[in-house]
Amino acid sequence: MKFHSYNPSFHFVKAPMEFNKDTDRDTLQYCLGSTLYMPGTKDIKDKVVNKQLDVTSFVMCCEDAIKEEDLPVAEQNILSTMDYLADKIDAGVISCDDIPLIFVRVRNPEHFKSFAAKITARQANILTGFNFPKFNSRNALGVLQTLVEVNKRVGTLLYGMPILEGEECAFRESRNQELLLLRNILEPYKDLILNIRVGGTDMSSLFGVRRGINSSVYDIMPVRDALSDILNFFNRFNDYCVSAAVWEYFRVYKEDDINDVIKKDFHNALIKGQDIINPAIDGLLKEVLVDRANGFVGKTIIHPTHAKFVNAMFTVVEEEYNDAIQILNTSGGVIKSKGRGKMNEIGPHHRWAEKIVKRANVYGVIKNEDSIINLVLGHDE
């Protein structure tokens, strides 16, 4: 897999790398990008084989996306999809590098245990891991022990992605203690944790609110506070990658609208809150801007058309990439940036620089933020 493969003629300052599920964890945790959630009952195997899905990671959901009575159908569909993709690899139709990072969102800890017991080693070679909804300090240890057990049984590395979305993390009186407990519980299993995910929709529901198409999850103050604390506990020292909350709105635009975008100053429109494409996609882009600024990497999406917008927003512009390289190649002190008269402090900016270089390796380096539109639209740079 490689980001932005829909636009092979785009000229990157630094091209994105190729990766697959066997890429080392420290790099792979940056590779989820826009992760598409879909019902576990959805038949997508031919789209994967024919490279029509246009995402680098997706989740087949056995929880909120399906009815409880449809769980057996979803399980069978997921397992048969793994078998089908394994058959296509064996037949030489596709390679392992053509398979997106695939995850299964289990329904609860009990379902995880029963479903994990059904997975064969051959199916596990296709799967990247599992999402754990409503992950909390009460169920965490059992879930993680099951993850260890299934890894031992199938003989391949399957990752876990806890989703922090319950009352324990959302409500102020319990949040700090809960997050500290979770961090301590996860520490011995850190090599098996690919990503920490957040449930912005679930947390919003606890307060009886929902963000509108012209607002952001960060405008919902109780949810914003919870997200801030999750980053505080899990984004320290670049230990974990934390993925941003889902954007809930689909986009629809006419071709004329997209063509008009070329004439705009994308960077200024984004910063100043001006119209870019339409309310749905504008809201997504502006929220990703805040996600990125706060250290989130990647985002949950509900429609494949969101993927290239989110992934393009996680590219690195040439100026910040040069700053990051300058910082990492300097032993200490303060040095003047080569662009825009910034000051690069080697100590304080070091972790930022590490993260920028990792993002640059995965998503690529572009000339400036206006290049994002050309990348998304399939134009040459």
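The values are calculated or read from the model by the stated rules, or taken from the named source; none is laboratory data. Small disclaimer: the values here were computed from a predicted structure and weren't measured. As a convention, Cβ positions derive from the backbone with ideal geometry for all residues, glycine included, and neighbour counts pool all protein chains shown.
Is it the case, given these coordinates, that Phe171 is buried (at least 22 other Cβ atoms within 10 Å of the Cβ) and under 30 Å from Ala226 (Cβ atoms)? For Phe171, the condition - buried (at least 22 other Cβ atoms within 10 Å of the Cβ) and under 30 Å from Ala226 (Cβ atoms) - is not met.
With respect to the conditions (1) surrounded by 15 or more Cβ atoms within 10 Å (Cβ to Cβ); (2) in a loop (DSSP other than H, G, I, E, B); (3) among the hydroxyl-bearing types (Ser, Thr, Tyr), Tyr37 lacks only one, and its number is (2). Any idea which residue in segment 130-156 is nearest to the chain's Cα centre (by Cα), counting only those that are more than 19 Å from Leu180 (Cβ to Cβ) and in contact (Cβ under 8 Å) with a residue 40 or more places away in the chain? Once the filter is applied, the top-ranked residue is Asn131. Counting only strands (runs of 3 or more DSSP E) wholly contained in segment 290-381, the ones carrying 2 or more residues that are of a type outside the set (Ser, Thr, Tyr) and under 22 Å from Ala244 (Cα atoms) occupy 299-301. Scanning segment 89-140 for residues that are in a loop (DSSP other than H, G, I, E, B), in contact with a helix residue (DSSP H, G or I) (Cβ under 8 Å, 6 or more places away or on another chain) and of a type in the set (S, T, N, Q) returns Ser95, Thr120, Asn125, Asn136, Ser137, Asn139. Considered as a group, the residues in segment 2-34 that are part of a helix (DSSP H, G or I) and among the charged types (D, E, K, R) include one that is farthest from Val365 (Cα to Cα), and that residue is Arg25.
Return yes when Gln29 is closer than 18 Å to Gly160 by Cα and either not β-branched (Val, Ile, Thr) or not assigned by TED's automatic domain parsing to the domain that holds Tyr249 (or both) and no when it is not. For Gln29, the condition - closer than 18 Å to Gly160 by Cα and either not β-branched (Val, Ile, Thr) or not assigned by TED's automatic domain parsing to the domain that holds Tyr249 (or both) - is met. Cβ-Cβ contacts under 7 Å between residues 6 or more apart (or on different chains), taken from a first residue in segment 33-62 that is free of Cβ contacts under 8 Å to residues at least 12 places away in the same chain to a second residue that is part of a loop (DSSP other than H, G, I, E, B), are listed as Lys47/Leu53. Whether any residue in segment 120-129 is in contact (Cβ under 8 Å) with a residue 12 or more places away in the chain, within 25 Å of Ile220 (Cβ to Cβ) and out of contact with any Lys or Arg (no Cβ under 8 Å at 6 or more places or on another chain) is what I want to check. No - not one qualifying residue is present in segment 120-129. Inspect all residues belonging to segment 305-326 and state whether any of them is β-branched (Val, Ile, Thr) and free of Cβ contacts under 8 Å to residues at least 24 places away in the same chain. No, segment 305-326 contains no residue that is β-branched (Val, Ile, Thr) and free of Cβ contacts under 8 Å to residues at least 24 places away in the same chain. Residue count for segment 208-248 satisfying the condition of being surrounded by fewer than 14 Cβ atoms within 10 Å (Cβ to Cβ) and among the aromatic types (Phe, Trp, Tyr): 1. Is it the case, given these coordinates, that Cys96 is under 30 Å from Val376 (Cβ atoms) and crowded, with 20+ Cβ neighbours inside 10 Å? Judged against the criteria, Cys96 is not a match.
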